[in-house]
Amino acid sequence: MTSLLLSLEGVSVELPTPRGALRAVDRVDLTLMPGHTLGIVGESGCGKTMLSRAILQLLPKRAKLAGSVTFGGRDLAALSPEALRKLRGPELAVVFQDPMTSLNPVLTIGTQLVETLQAHLGMERAAARRRSVELLAAVGIPAPEQRLRQYPHQLSGGMRQRVAIAIALSCEPRLLVADEPTTALDVTVQAQILDLLAREQKRRHMAMILITHDLGVVAGRTDEVAVMYAGRVVERAPTPKLFAHMRMPYTEALLAAIPKLDSPPHTALPAIAGRPPDPTRPMPGCSFAPRCRYADDRCREAKPPLIDPGRSGGLYACWHPLALPTGART
Amino acid sequence: MAVLEIEGDTALVSPVRRRRSRPSGLFLVALVWLALIGLAAILADFLPLVSPTDMDFLGKRAPPSAEHLLGTDQLGRDMLSRLIYGARISLTVGLLAPAIGLVIGGALGMLAGYFGGRFEVITVGCVDVLLAFPPLVLALAVTAYLGQSVLNLTLVIGVLSIPAFTRVARAVTLSLSQREFVVAARTLGATHTRILMRELLPNVALPLLAFFLLGVAVTIVVEGALSFLGLGVPPPAPSWGSMIGEGRESLDIAPWLAFLPAAFMFATVLAFNIVGDTLRALTDPRPATL
Amino acid sequence: MPDNASNRAAPLLSVEQLTVEYPVSGRTLSAVNDVSLAVGRGETLGLVGESGCGKSTLGRAVLQLRRPTAGKVVFDGTDLTALEGEALRLMRKRLQLIFQDPIASLNPRRCIGDIVAEPLIITGITDRAERERRVREVLTAVGLDPDLVWRRLPHEFSGGQCQRVCIARALILEPELVVCDEPVSALDVSIRAQILNLLEEMKRRYGLTLLFIAHDLAVVKAVSDRIAVMYLGRLCEVGPTEQVFGRPAHPYTALLLAAIPVPDPTVPPTTNVAAGEPPSPLDPPSGCRFRTRCPRADGICAKEVPDLRPTTSEQSVACHHPLTDR
C-alpha cells in the first residue's frame, strides 16, 4: 500500500446552489501508482472536473469536501495553504483545457517559465533561462529562444498548450493532472499533444490523470480508466479489460454512441435516450436507471455499489452487468 | 433505418422553474421610501401643508414644533412643506432629464451599434464632442439666454445625458448583434426593424433601464448642485439643492436647514441605486450559474 | 440513398470560384479562396477541415451572411450574390442555418413558442391558429412536447434540447437547403448521437439538402453522401464519402484520418502525426498551401497551386503528388 502515489477514499464534493446542495462528486475511491496513467471519462456535468479540483485542492471556496485525498503519504486536506503551495509544481501540476486561462496574458512566455523555475527550484536566472529553452524545445516548440520573448496571444492554441505543458513539467512533478488538455484543439494538433504528454510521462516516470469526454483519447494512452456518471465512478478497470469486456451498460452505450469511421454513412447511431439527471435531486437508485434499457425496479430503488464480484480486476456499479463475453463493441 | 430515441428526452423535460431569490429587506425599504416621496410630491397640493413660500418672520429658524413639524428656515418658511415641494422639482427633473437621454441616446446607440458604418462613425463623433463640452458652461449659457426654469434645466441635463446612454446602448447592441440568435433572425429574412425591435430591444432594454435608474440618482445630485450654484430653479420655488445652498449660511446656528434636504437627497439617490441594482439582478433570465 | 449521377446534372446549390476576403488589421485575409462545389438535391455534402480553414466562412457566404469578394453562389438556378434587399430577403426562407452553440442562437428573453413561431410571423402568416398548429407540429417532429416547452425560456433547457429548438426553427418554413455549422460539436457524446439521428430523420421527412460543416470526420462520415476537405481556404479533395475515407487521395485527408483517436486500446495510437500546425491564413504558403506539413512536398509544390483534378469519375483532388499515384 505504501507504493501508492495517490489514493482517494470516499471523496464527495458538494456545492451550494440556489436550488439546494449539488453533489458534484459522490463518494469516489481511486488509487494511482507512480508512473501510471488513469483516464477519467465522462460527459459534462458528471463531476470529473470537480474531482480533479478536489485532488488538486483547488475547489471553489464554497464547496464542501468530504473524504480523504492522500498524496505521497500525506493527507492533502490537512495541509496548510503554504505547504500546499510548496507541493504544487514539484509534486503536483496541472494542465487545463484552455491554456489562455492558465497563462498570464501580460507576461512573456519566458518570464512565466523562468519565474516558475526560480520560485520552486531556486534556480539562478541564467540557469533558469537555459532550462526554459530546453523545456520549450522538449515540448516541440520551434525556435524556443525567440518564443521566450513572445506573449501568449502571439501563439496558436496548440503552441499555447505546449507552453502550459512546459510550465507544468518544469519542476518535474510526480503527478500531472491533465483536464481535457486537447478539447479546444484541432484533431491533428490533439494527436501531437497527446503524443507529447505520453512521451514526457514515460521519460520522467510521472503519473498522470487524463480527464476527457472522449473514450477514443483514453483508449490507447492510459493504464486504467474510470468512467464517471452523475458524480460517481460507475466502472473502473484496466484499459484493455474495460474496452474488451464492458460491464456497465452506460459505458457500453457511451462507446456505441460515438460515430465510427468504419461504419457506412447514414448508419443510425444507437443514441442514449434522455439526459443526465439533475444533480440537485439525488435518486434513491442507480442514476443511469432512467436511461438504461436493462433497468428494473431494483435499479430504481437501490444504488448498486462499485464492486468486483468476480475478482477479475474490473469494478462496476450495476445490478445487471453485461455478460462477460460481450459483443459490446459494435 | 433510424430509430429516434427521443421519447425519453421528452419525458425527462423537467426544467427547473425560475426561482427568484427573495428581494432583500433593504430593497423593500428603498421601494417604500421612493413610493412615499413620489406620492407626497404628486399629492403635495392636496396634503394639509402650509404653503412653502409663506414666510413667518417671527418664527425664523424655529426648531420642530407641532405647527412646523420639521421647523422653519431662515425666512420662517415651513421646512416639511418646502422639502415635499422640493421633491416635486427634484423628481421631475430627475426622472425627465434621463428619460430624454434614454429615448434619444438609446435609439441612437442601438442604431449605431446595429448598422455600424458611417452612421456609427458620425454618431460616436457627435457623442464625443458633447461629452467633451463642459457641462457647467452649457448650463450657464442656456440659463443666461433662455432664463431659469424647470423646463430649461431638464432640457440641459437631458441633452447632457444623451452621450452616456448612447455609449451604453451601442456597446450592448454591438456585442448582441454578433450573437447567433440575431444572425438566425437574419437568415430567416427578418427586416432590420423587426430584428431591432424583437431581438435586440428586449435584451438592450434592461441594461439601459438599470443605467436609467443610476442616471436618475446622478441627475438629482446634478440638479442639486446647479440649484446650489444658483443656476437651477429660480427662487422662491424650493428645490433640495437650493435649500442646501440657503441653509449653508446658517450651518452653525441651525444645521438642520442644510442637513434635512441633504438627507432627503441622500436617501432618495441611495434608494434609486438599490432599486436599480436589485431590478437588474432579478430580471436576468439566467439564474446564477454553478 | 440519393442517386448522385442524376443530381450532378442539376445541383440545387453550386458554388463557383468563390472567394471571401476580409480585412484584418490592415491586411487581407483570404478565408475562402477560389472554391467550387456542387450539392445535389437531397444530398448531404460534408465539409471538413480544422479551425481557421474557412469552412464556416464558406457556409456563411453560401447564405449571403457574408458577401463573397468574387465568385457565384447559384441556388436552384438563381445567383444569390446578385440578389439585394427584398429579393434576397424573400429567398432566405429557402435556405436555413443551424449553429454550433444552440443556447447562444436562441434569444434569451423570448419563450420557445415565440422563437419557433418567429419565422412564420416574418413570412407574413397572420393566422394565429395556423401558426400555433405548425409550431406544434414541428416541435413534435423534433421530439419536444409543445405543451411542456411552449412558455419556457431557452436557459431552462440543456444544450441538446436547445439544439432541437434550433432545428425546429430552421425547419418550420420547410427550407430546401440547410447549412449545419458544427451542429453537434458543443454537445456531449450521448446527446450528439440523438441530434445526428434527428437530423437524418428530419432530412428524410422534409426532403432536405444539407451542407454539413464539422471538424470531426467520424461525425461527418455518419451523415454525408459526399465529402469536401478544406485546408487554409482551399479545397483539397472532394468525393463520395466511402471513397474519400477508404482511399484518401490528398495527403492532408490521410493525415486527418490518421489523427482521429480510435476508441480501441488494441489499435496503437498513431504517433508522429505531421509535424507542426496550420500556418496563419493571413500569410499562406506559396503554391500548395499544405506543402509546409506535407511529407510528399517537393519543388513544384512551392511553385504551382495544384488544381482540383478528377482522379476517378467522382473523386477529385488538388495535389501534385496524390496518394493514388503509388
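The values are calculated or read from the model by the stated rules, or taken from the named source; none is laboratory data. Computed from a prediction, not measured in an experiment: that's the story for all the values here. Cβ coordinates were reconstructed from backbone atoms using ideal geometry, including for glycine residues, and neighbour counts include every protein chain displayed. What goes into the accessible areas is simple: the full protein's heavy atoms, side chains included, and nothing from ligands, DNA or RNA. Shrake-Rupley method; radii C 1.70, N 1.55, O 1.52, S 1.80 Å.
Quick notes
- Scanning segment B:196-215 for residues being at the interface with chain C (Cβ under 10 Å from one of its Cβ atoms), free of Cβ contacts under 8 Å to residues at least 40 places away in the same chain and open to solvent by 30 Å² or more (accessible area, probe 1.4 Å) gives a total of 3.
- Within segment C:12-45, the residues that satisfy the criterion of being of a type in the set (Ser, Thr, Tyr) and without any contact (Cβ under 8 Å) to a residue 60 or more places away in the chain are C:THR19, C:TYR22, C:SER25, C:THR28.
- Cβ-Cβ distances below 6 Å connect the following pairs, each with a first residue in segment C:141-159 that is open to solvent by less than 20 Å² (accessible area, probe 1.4 Å), a second residue that is of a type in the set (A, V, I, L, M, F, W, C) and modelled with pLDDT of 90 or more, and a separation of six or more residues or different chains: C:VAL142/C:ILE167; C:VAL142/C:ALA168; C:PRO146/C:LEU139; C:VAL149/C:ILE112; C:PRO154/C:LEU106; C:PRO154/C:CYS162.
- C:LEU173 fulfils the conditions (1) over 19 Å from A:PRO276 (Cβ atoms); (2) touching a helix residue (DSSP H, G or I) at 6+ places or on another chain (Cβ under 6 Å); (3) in a helix (DSSP H, G or I) except for a single criterion, (3).
- Some residue of segment B:185-194 being assigned to a helix (DSSP H, G or I), within 10 Å of another protein chain (Cβ to nearest Cβ) and open to solvent by less than 10 Å² (accessible area, probe 1.4 Å): yes
- Complete set of residues in segment C:29-61 that are more than 19 Å from C:TYR231 (Cβ to Cβ) and either surrounded by 24 or more Cβ atoms within 10 Å (Cβ to Cβ) or polar (S, T, N, Q) (or both): C:VAL39, C:GLU43, C:THR44
- Some residue of segment C:42-56 being assigned to a helix (DSSP H, G or I) and of a type outside the set (A, V, I, L, M, F, W, C): yes
- Any hit, segment C:162-178, residues being farther than 20 Å from C:GLN96 by Cα, open to solvent by 10 Å² or more (accessible area, probe 1.4 Å) and more than 10 Å from chain B (Cβ to nearest Cβ): no
- Residues being within 14 Å of chain B (Cβ to nearest Cβ), assigned to a loop (DSSP other than H, G, I, E, B) and crowded, with 22+ Cβ neighbours inside 10 Å - total across segment A:274-291: 6
- Counting only residues that are in contact with a helix residue (DSSP H, G or I) (Cβ under 7 Å, 6 or more places away or on another chain) and surrounded by 16 or more Cβ atoms within 10 Å (Cβ to Cβ), segment A:103-117 holds 8 of them.
- Restricting attention to segment B:246-276, the residues that are farther than 30 Å from B:PRO207 by Cα and without any contact (Cβ under 8 Å) to a residue 40 or more places away in the chain add up to 6.
- The listed residues are B:PRO64, B:PRO15, B:PRO23, and the only one of them that is more than 14 Å from chain C (Cβ to nearest Cβ), open to solvent by less than 90 Å² (accessible area, probe 1.4 Å), assigned to a loop (DSSP other than H, G, I, E, B) and modelled with pLDDT under 70 turns out to be B:PRO23.
- Any hit, segment C:88-108, residues being free of Cβ contacts under 8 Å to residues at least 60 places away in the same chain, in contact with a strand residue (DSSP E or B) (Cβ under 6 Å, 6 or more places away or on another chain) and part of a helix (DSSP H, G or I): no
- When segment A:241-268 is filtered for residues that are in contact with a helix residue (DSSP H, G or I) (Cβ under 9 Å, 6 or more places away or on another chain), open to solvent by less than 50 Å² (accessible area, probe 1.4 Å) and more than 22 Å from A:CYS46 (Cα to Cα), the ones remaining, listed by number, are A:LYS260, A:SER263, A:PRO265, A:HIS266, A:ALA268.
- The lone exception for A:VAL41 - which of (1) open to solvent by less than 10 Å² (accessible area, probe 1.4 Å); (2) within 13 Å of A:ALA66 (Cβ to Cβ); (3) among the hydrophobic types (A, V, I, L, M, F, W, C) it fails: (2)
- When the helices (runs of 4 or more DSSP H) confined to segment A:1-112 are screened for residues that are modelled with pLDDT of 85 or more, those reaching at least 3 such residues are found at A:48-56, A:81-87.
- Residue within segment B:140-160 that is of a type outside the set (D, E, K, R), part of a helix (DSSP H, G or I), closer than 30 Å to B:THR191 by Cα and open to solvent by less than 40 Å² (accessible area, probe 1.4 Å) present: no
- Across segment A:140-156, the number of residues qualifying as open to solvent by less than 30 Å² (accessible area, probe 1.4 Å) and farther than 17 Å from A:SER102 by Cα comes to 2.
- Residue pairs whose Cβ atoms lie under 8 Å apart, sitting 6 or more positions apart in sequence or on different chains, and linking a residue in segment A:193-210 that is within 12 Å of chain C (Cβ to nearest Cβ) to a partner that is modelled with pLDDT under 90 and surrounded by fewer than 17 Cβ atoms within 10 Å (Cβ to Cβ), are A:ASP195/C:THR271; A:ASP195/C:ASN272.
- Residue match in segment A:221-244 (condition: closer than 30 Å to A:GLU134 by Cβ and not hydroxyl-bearing (Ser, Thr, Tyr)): yes
- Qualifying residue in segment C:15-22 (condition: in a strand (DSSP E or B), modelled with pLDDT under 90 and among the aliphatic types (A, V, I, L, M)): no
- Residues satisfying the stated conditions in segment C:116-137, i.e. in a helix (DSSP H, G or I), surrounded by fewer than 24 Cβ atoms within 10 Å (Cβ to Cβ) and away from chain B (no Cβ under 13 Å): C:ARG128, C:ALA129, C:GLU130, C:ARG131, C:GLU132, C:ARG133, C:ARG134, C:ARG136, C:GLU137
- Residue count for segment A:215-240, restricted to those that are at pLDDT 90 or above, open to solvent by 10 Å² or more (accessible area, probe 1.4 Å) and of a type in the set (D, E, K, R): 4
- Residue that is within 30 Å of C:GLY42 (Cα to Cα), touching a residue at least 60 places away in the same chain (Cβ under 8 Å) and away from every other protein chain (no Cβ under 14 Å), where the choices are C:ARG309, C:ARG226, C:ARG234: C:ARG234
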